[in-house]
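In what follows, a structure is listed as structure tokens, so that the remarks can point back to it.
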Amino acid sequence: YDEYYVGARKMGINIFKGKVGGLEILPGDRLRVLAYDMEQNTPIEYESDLVVLATAVETPESTQKLAQTLGLQFCGSKFLKELHPKLGPVETSVEGIFIAGCAQGPKDIPYSVAQGKAAAAVAAVPLAEGKVKIDPMISEVNTEKCSGCGICVPLCPYGAISLKEMGGNFRASIEPSSCKGCGVCASACPSQAILLHGFDDEAIFSQIEALCTY
């Protein structure tokens with residue numbers, strides 16, 4: 001898409017990121033588009049011989065309920081958000097759930113078919129291996145330090161943390177298969193009861209000390 005964008009600009013095509021406010025018909029069958037440039041934060045007017053209007057594509061109402069049930073994230077346009085636009089275009093923040101086609105955004109049929117094949121190929125890898133690889137750099141709760149305040153539960157972007165009753169008290173519990181090792185919970189814990197493996201204080205200080213010796 002970057003190549004298409006650069007190529008279009010070289011051809012003299014002006015591309016604006018904004019919202020259309022109206023359309024005026026001028027003498028001589030000329031058209032004037034009234035819009036708002038979101039990047040420059042200024043209103044713009046653009047005269048043209050031809051204006052093509054495209055029907056907006058929106059997600060159905062059931063998409064939001066489905067996303068909440070599965071723990072998926074939304075992008076700004078209320079479509080399901082991929083893990084990474086280029087490195088993980090069909091993966092999601094939830095392990096084992098993949099998206100394709102118009103669930104991610106407006107797409108034509110060839111692109112939807114290609115993305116569907118990509119999602120199927122990625123999903124086939126753990127099915128063929130019969131096991132799922134888990135990153136060792138994940139968070140772990142020290143139940144002896146945990147106060148059960150629950151601050152970490154809503155902060156986890158992957159829904160990997162929950163409160164469970166242990167010995168009559170509630171303590172935070174992290175699902176290893178859902179944790180991505182982002183470290184949000186570890187930095188927010190007021191009791192310092194969450195350890196992010198590979199990034200504990202001793203390891204970080206050792207790295208800093210090694211860098212300072214050079």
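The values are calculated or read from the model by the stated rules, or taken from the named source; none is laboratory data. As the structure is a prediction and not an experimental result, all values here were calculated from the model. Heads up, the Cβs are rebuilt from the backbone with ideal geometry, glycines too, and the neighbour counts pull from every protein chain shown.
In region 151-170, what residues are part of a strand (DSSP E or B) and free of Cβ contacts under 8 Å to residues at least 12 places away in the same chain? Give the derivation first.
Of region 151-170, the ones part of a strand (DSSP E or B) are 161-166, 169-170.
If the condition is that a residue be part of a strand (DSSP E or B) and free of Cβ contacts under 8 Å to residues at least 12 places away in the same chain, then Lys164, Glu165 are the ones that fit.
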Would you call Lys164 crowded, with 16+ Cβ neighbours inside 10 Å, outside the structural domain of Val94 (by TED's automatic domain parsing) and basic (Lys, Arg)?
no
Of the residues Glu95, Glu91, Glu82, Glu129, only one is closer than 21 Å to Ser177 by Cα, among the acidic types (Asp, Glu) and in contact with a Gly (Cβ under 7 Å, 6 or more places away or on another chain); which?
Glu82
Failed item, numbered, when Ala210 is tested on (1) in a helix (DSSP H, G or I); (2) of a type outside the set (Asp, Glu); (3) modelled with pLDDT under 85:
(3)
Looking at region 98-113, which of the residues that are among the aliphatic types (A, V, I, L, M) and surrounded by fewer than 16 Cβ atoms within 10 Å (Cβ to Cβ) is nearest to Thr59 (Cα to Cα)?
Ile109
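Every residue in region 1-42 that is within 26 Å of the chain's Cα centre (by Cα) and of a type in the set (Ser, Thr, Tyr), please. Let's see the steps before the verdict.
So the first thing to find is which residues in region 1-42 are within 26 Å of the chain's Cα centre (by Cα), and the list is 1-6, 15-19, 37-41.
Passing the criteria: Tyr1, Tyr4, Tyr5.
Counting only residues that are among the aliphatic types (A, V, I, L, M) and assigned to a helix (DSSP H, G or I), which one in region 171-207 is surrounded by the most Cβ atoms within 10 Å (Cβ to Cβ)? I'd like the intermediate steps shown before the answer.
Residues of region 171-207 among the aliphatic types (A, V, I, L, M): 172, 174, 184, 186, 188, 193-196, 203-204.
If we keep only those that are assigned to a helix (DSSP H, G or I) as well, we get 184, 186, 188, 203-204.
Details: Val184: 18, Ala186: 20, Ala188: 12, Ala203: 12, Ile204: 11.
Among those residues, the one meeting the criterion is Ala186.
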So, first residue under 24 Å from Ile161 (Cα atoms) and assigned by TED's automatic domain parsing to the domain that holds Ile194 in region 123-141, second residue acidic (Asp, Glu) and exposed (fewer than 14 other Cβ atoms within 10 Å of the Cβ), Cβ within less than 8 Å, six or more apart or across chains; the pairs are none
Closer than 18 Å to Ser178 by Cβ, at pLDDT below 90 and of a type outside the set (A, V, I, L, M, F, W, C): which single residue out of Thr69, Thr63 fits that description?
Thr69
Select from region 122-140 the residues that are loosely packed, with under 11 Cβ neighbours inside 10 Å and closer than 20 Å to Leu87 by Cα and list them in ascending order.
Ala124, Val125, Lys133
